[in-house]
Amino acid sequence: MGAGAVAASLAAFELTGCGGPTAAFRSPTRTTGRGPGGTFGAPPPSDTEACQAALGSQGEFIVDVHTHHVIPSGTWTQNAPETVNLVLSMLPSGCTDSPQLDCVDRATYLHDVFLASDTTVAMLTDVPNSGVADAPIPFPEAVKTQQITAGLTAGGAGRLLVENIIAPNVGPLAATLDEMSAAAETGAVAAFKVYTAWSPSGRGFSLEDPIVGLPTVQHAHDLGIKVFVAHKGLPLVNFDPANNHPDDMVAVSRQFPDMNFVIYHAAWDPSRVEGPYDPSAAIGIDSLLAALDRHQVPPNDNVWVDVATVWRQLLTQPDQAAHALGKLLKRVGQQRVLWGTDAIWFGSPQPQIAAMRAFQITPEFQDLYQYPALTDSVKAGIFGLNAAQLFGIDPTAVRCGLTADPLTSNIDEAAMLAHGGAIPSPWTPNGPTTRRQVLQWLASATTPWAPM
Ligand SMILES: [Zn+2]
């Protein structure tokens with residue numbers, strides 16, 4: 001599958017978004033008779049060249065702030081069966097590896113993110129866990145992935161950021177604070193991340209809680225880690241709905257004005273249809289916007305969001321996608337919306353990148369709801385320049401560092417081979433052959449990547 005096939009899919013999403021068989025997914029508040037809210041400006045699928053021009057790389061600096069892999073041999077596979085089931089529910093559909101967790105291992109990750117997608121820099125995060133015993137990627141393993149990635153680039157250009165996931169509501173708080181200090185000492189922590197709604201017993205916590213939440217944020221602050229991330233919305237297993245609301249994070253942002261707070265998934269909830277802003281909504285993106293209003297956080301302040309899973313799920317429903325992106329850009333701010341994909345759950349992030357390149361909020365929706373147009377410069381911000389500002393990345397320096405590294409120099413060759421059918425296409429889930437190839441390549445990282 002190439003750019004033409006993606007164009008065909010995008011055209012189909014537009015049609016279903018306009019009504020027809022999936023009309024049930026339409027925003028209930030949308031007035032009929034008006035135009036659709038989101039369109040994919042993709043050329044006819046048969047025009048391969050035009051599709052490639054519209055959906056292929058336009059040289060964007062892409063920072064994916066939300067990516068995953070697992071360590072299939074880790075103790076978490078014994079200690080956290082519910083986490084194993086969660087991960088197994090998000091494998092690429094073509095996964096045939098045995099064990100199946102190999103489909104989302106480190107080698108596959110490096111392939112899917114850095115070889116088979118236009119991603120420039122990625123943040124490696126993790127799913128809910130309380131430490132090395134039950135984490136799919138214990139922090140030392142995340143650092144190892146970072147080191148391997150650096151080893152594959154010329155001069156070790158920084159292409160991978162890592163987060164330290166902490167659970168201050170599990171076990172004694174002092175242990176969490178010590179873990180944070182130890183992690184910070186490695187110099188590798190770009191951000192701390194919490195799941196306020198999670199614990200193995202299903203009980204969450206509030207970041208405003210003076211016993212658990214505030215001391216954790218304060219400790220991050222004192223360690224000099226000024227980016228604090230929380231998953232909000234998108235309910236997972238063992239989630240406590242009472243602590244999944246974004247309000248505590250927004251409130252705490254007022255107390256720590258020299259820190260930045262990133263709300264993963266923008267509080268989006270798949271059970272709520274995204275429509276025009278409704279301040280009374282209890283869940284979803286609107287619950288975040290209402291919290292910003294309540295705590296008088298202006299646009300482009302120290303509260304940020306990413307669109308991981310939000311975009312992947314809504315790109316098939318362009319009207320909802322237009323509302324979601326339009327509301328976030330308008331209220332959280334055009335400089336505060338970050339690119340995230342939740343790759344490599346479900347495979348390479350590349351199809352999501354291509355879809356975003358083609359997506360537009362229609363003039364009708366811009367007029368009706370004062371949403372901004374998705375101009376090239378707005379998209380450049382979403383794709384990576386906003387994250388570059390947040391994490392202090394110099395796009396020019398990173399680009400220069402990547403011009404001659406072994407990963408980058410093999411992207412074109414890999415794409416050509418995929419086009420010719422010699423290797424599986426990055427547009428489709430990767431089979432075991434590719435994973436093995438990448439493993440072999442990693443074992444001899446000095447030789448150029450080539451399929452066996
Ligand atoms: Zn995630």
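The values are calculated or read from the model by the stated rules, or taken from the named source; none is laboratory data. A quick note: this is a predicted structure, and the numbers were derived from the prediction, not measured. Don't worry about glycine lacking a Cβ; one is built from the backbone with ideal geometry, like all the others, and counts go over all protein chains shown.
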Inset, instruction - State all residues of segment 285-331 that are within 16 Å of the ligand (Cβ to nearest atom), without any contact (Cβ under 8 Å) to a residue 60 or more places away in the chain and not hydrophobic (A, V, I, L, M, F, W, C); if no residue qualifies, say none. - result: R312, Q313
Legend entry - So A387, is it in contact with an Asp or Glu (Cβ under 8 Å, 6 or more places away or on another chain), at pLDDT 95 or above and either within 16 Å of the ligand (Cβ to nearest atom) or assigned to a helix (DSSP H, G or I) (or both): no
Inset, instruction - Could you please let me know if H219 is in a loop (DSSP other than H, G, I, E, B) and crowded, with 20+ Cβ neighbours inside 10 Å? - result: no
Legend entry - Meets criteria (within 16 Å of the ligand (Cβ to nearest atom) and over 24 Å from A174 (Cβ atoms)) for V237: yes
Inset, instruction - Could you tell me whether any residue of segment 154-167 is within 16 Å of the ligand (Cβ to nearest atom) and part of a loop (DSSP other than H, G, I, E, B)? - result: yes
Inset, instruction - Could you figure out which of (1) part of a helix (DSSP H, G or I); (2) more than 16 Å from the ligand (Cβ to nearest atom) isn't true of H245? - result: (1)
Legend entry - Filter result (part of a helix (DSSP H, G or I) and surrounded by fewer than 19 Cβ atoms within 10 Å (Cβ to Cβ)) within segment 47-83: T48, E49, A50, Q52, A53, T77, Q78, N79, P81, E82
Legend entry - Scan of segment 134-181 for residues that are in contact with a helix residue (DSSP H, G or I) (Cβ under 8 Å, 6 or more places away or on another chain), among the small types (G, A, S) and modelled with pLDDT of 95 or more, ordered by number: A135, A167, S181
Inset, instruction - Just name the residue that is modelled with the highest pLDDT out of those in segment 295-319 that are surrounded by fewer than 24 Cβ atoms within 10 Å (Cβ to Cβ) and touching an Asp or Glu at 6+ places or on another chain (Cβ under 7 Å). - result: T309
Inset, instruction - Have a look at G340, G347 and point out the one that is within 16 Å of L288 (Cβ to Cβ) and of a type in the set (G, A, S). - result: G340
Inset, instruction - Give the number of residues within segment 109-140 that are more than 16 Å from the ligand (Cβ to nearest atom) and over 24 Å from V194 (Cα atoms). - result: 8
Inset, instruction - Scan segment 263-284 for residues that are among the β-branched types (V, I, T) and within 15 Å of P241 (Cα to Cα) and report the count. - result: 1
Legend entry - Residue list for segment 329-364, filter: over 30 Å from V70 (Cα atoms) and among the hydrophobic types (A, V, I, L, M, F, W, C): L329, V332, A358, F359, I361
Inset, instruction - Return the only residue of D258, D269 being in a loop (DSSP other than H, G, I, E, B), acidic (D, E) and within 16 Å of the ligand (Cβ to nearest atom). - result: D269
Inset, instruction - Looking for whichever is surrounded by fewer than 23 Cβ atoms within 10 Å (Cβ to Cβ) and under 28 Å from D118 (Cα atoms) here; the options are A188, A175. Which one fits? - result: A188
